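Peer 1: Shown below is the structure under consideration.
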Amino acid sequence: MEFDPLSSDRLPFHDPDDAEQGRFGGTAPSRDAQRRHLQRVPLFSGFNEDDLRRVAELSRIVEAPVGTVITQIGDAGESFFVIIDGTAGVRTPVGPGSELHPGDFFGEMSLLDGEPRSATIVATTDLRLLVVDRSHFWRLLNETPELMRRILTILSRRVRRLEQTVDAILHGSNPA
């Protein structure tokens, strides 16, 4: 199943505000419910109300059922994703990667450098995702400098882990 970020299909995550929205024909959580979801994500921990409001205004929350391909290696990157609920598997050209959990993000590399997706991400459970489209990504980073710092820090850690893995492979030891 391919991911359609514009789909109005909803999954049962049992958020009372989301249930209210569903009963009244809404297809997305209220901004208040969206901010509450954001507060649970470590990437946004400690953000003040203004920053959370900016993130909520420039993003949307979508839901994807288990088995949905969220990104595909080689495709153009059009969105940045943060997992709010659920887990996803990662496949790269060199094999499976680690599992992604709430608070983990992906899709930023294609938006930062314009290159195609470097990994396939597949929902291993039902997912609730925060999605920021390309058209809002740089604005979001410019308007929330703390988010930019956090993303850069995490990217740096990913590069260091990759360097350690490559070093271990080249020198025949087991990566930590």
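The values are calculated or read from the model by the stated rules, or taken from the named source; none is laboratory data. Worth saying up front: this structure is predicted, and the values here are computed from it rather than measured. Because the Cβ atoms are built from the backbone with ideal geometry, glycine has one as well, and the counts that use them run over all protein chains shown. Note: areas computed on protein heavy atoms with side chains; ligands, DNA, RNA excluded. Shrake-Rupley method; radii C 1.70, N 1.55, O 1.52, S 1.80 Å.
Peer 1: Put Glu63, Glu57 in order of accessible area, largest first, 1.4 Å probe: what do you get?
Peer 2: Descending accessible area places them as Glu57, Glu63.
Peer 1: Sticking with this structure for a sec: When the scattering of segment 88-128 is computed by the Debye formula from its Cα atoms alone, each counted once and equally, what is log10 I(q)/I(0) at q = 0.20, 0.21, 0.34 Å⁻¹?
Peer 2: -0.65, -0.71, -1.19
Peer 1: Sticking with this structure for a sec: Just to be sure I understand: if I project the alpha-carbon convex hull of segment 76-176 onto a plane and average over all orientations, what area do I get in nm²?
Peer 2: 7.0
Peer 1: In nm, to one decimal, how far is the modelled label at Val159 from the one at Arg139, with both set 7 Å along Cα→Cβ?
Peer 2: Distance between the two pseudo-spin positions: 2.9 nm.
Peer 1: What FRET efficiency comes out for Asp32 versus Glu146 if R0 is 25 angstrom and r is the Cβ-Cβ distance? Round to the nearest 0.05.
Peer 2: 0.70
Peer 1: With the Cα gyration tensor of segment 24-84 in hand, give its eigenvalues times 5 under a square root as the equivalent ellipsoid semi-axes, listed largest first in whole angstrom. It would help to have the intermediate numbers written out before the result.
Peer 2: Numbers: eigenvalues 106, 50, 24 Å².
The answer is 23, 16, 11 Å, longest axis first.
Peer 1: Compute the distance in nm between two label points, each set 7 Å from the Cα along the Cα-to-Cβ direction, one at Asp50 and one at Thr92.
Peer 2: It is 3.8 nm.
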